[in-house]
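J.: This is the structure I have questions about; it appears just below.
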């Protein structure tokens, strides 16, 4: 074999070896890229899940605070209503306006008086006949 042939053969082998190494490197780089994309996708999914969990947690806290505020408001309104009713009752009694209890008692008395009048009218009509 001549020197030139050996050199060409060596050059071809060297090129083939470089091409093979380059192909291996490209495959390895593609594997690394796929692993990185997979890791990134997993990280995105985890981040979304964490964000949703946090959003639900914040919503639950907000709902609890709103319910607490509502309960306090209802309690305050009830207390104000009681105070208002008490003050109005005092003012009405100072003016001499009868209470519900007084009106009921008077209604009973009127019913009793009406019954008495009816009895008297019946007894008179019997006596006249």
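J.: For the chain, find the longest principal axis of its Cα atoms and tell me its angle to the long axis of helix 100-128, 0 to 90°, nearest 10.
T.: So the helix axis and the longest Cα principal axis differ by about 40 degrees.
J.: Could you work out how far helix 3-95 tilts from the main Cα principal axis of the chain, as a 0 to 90 degree angle to the nearest 10?
T.: 10 degrees
J.: Can you tell me what the convex hull of the Cα atoms of the range 58-119 projects to on average, as an area in nm²?
T.: Mean projected area for the range 58-119: 7.0 nm², to one decimal.
J.: Could you give the alpha-carbon Rg of the range 18-77 over 2.2 N^0.38 Å, rounded to two decimals?
T.: Normalised Rg, Cα atoms only: 2.46.
J.: Same structure again: Compute log10 of I(q)/I(0) for the range 46-93 with the Debye formula, placing one identical point scatterer on every Cα and leaving out solvent, at q = 0.19, 0.30 Å⁻¹, to two decimals.
T.: Debye curve over Cα of the range 46-93, log10 I(q)/I(0) at q = 0.19, 0.30 Å⁻¹: -0.70, -0.95.
J.: For P(r) over Cα pairs in 10 Å bins from 0, in percent, the listed values are (i) 9, 10, 10, 9, 9, 8, 7, 7, 6, 5, 5, 4, 4, 3, 2, 1, 0; (ii) 11, 38, 35, 13, 2, 0; (iii) 11, 36, 26, 16, 9, 2; which was obtained by calculation from the structure presented?
T.: (i)
Bear in mind that the values in this text are calculations on the coordinates, not laboratory data. Predicted, not measured: the structure shown is a model, and the values here were computed from it.
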